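First the structure, in the form of structure tokens, and then the observations on it.
The values are calculated or read from the model by the stated rules, or taken from the named source; none is laboratory data. These figures come from a predicted structure and were not determined experimentally. As a convention, Cβ positions derive from the backbone with ideal geometry for all residues, glycine included, and neighbour counts pool all protein chains shown. These accessible areas exclude ligands, DNA and RNA; they are computed on the full protein's heavy atoms, side chains included. Shrake-Rupley method; radii C 1.70, N 1.55, O 1.52, S 1.80 Å.
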Amino acid sequence: MSEKKSKTGYWMLFLVSLTVITLLLMFLPEAFWLALPTTVGGLAMAMDWI
């Protein structure tokens, strides 16, 4: 049985982490890798890839 999941929270997670990763790239580029897993994971969950 498949249940319908709300993806709004996942999209919000992706958009917030995308904002954070953009700010990190502008002001602290060496910390880019810290936000990368959350950004990619949020996108994967929002697109229902996992």
Whichever residue in region 1-18 is at pLDDT 70 or above and part of a loop (DSSP other than H, G, I, E, B) and, among such residues, is surrounded by the most Cβ atoms within 10 Å (Cβ to Cβ): K7
Any hit, region 27-35, residues being open to solvent by less than 90 Å² (accessible area, probe 1.4 Å), not in a helix (DSSP H, G or I) and not charged (D, E, K, R): yes
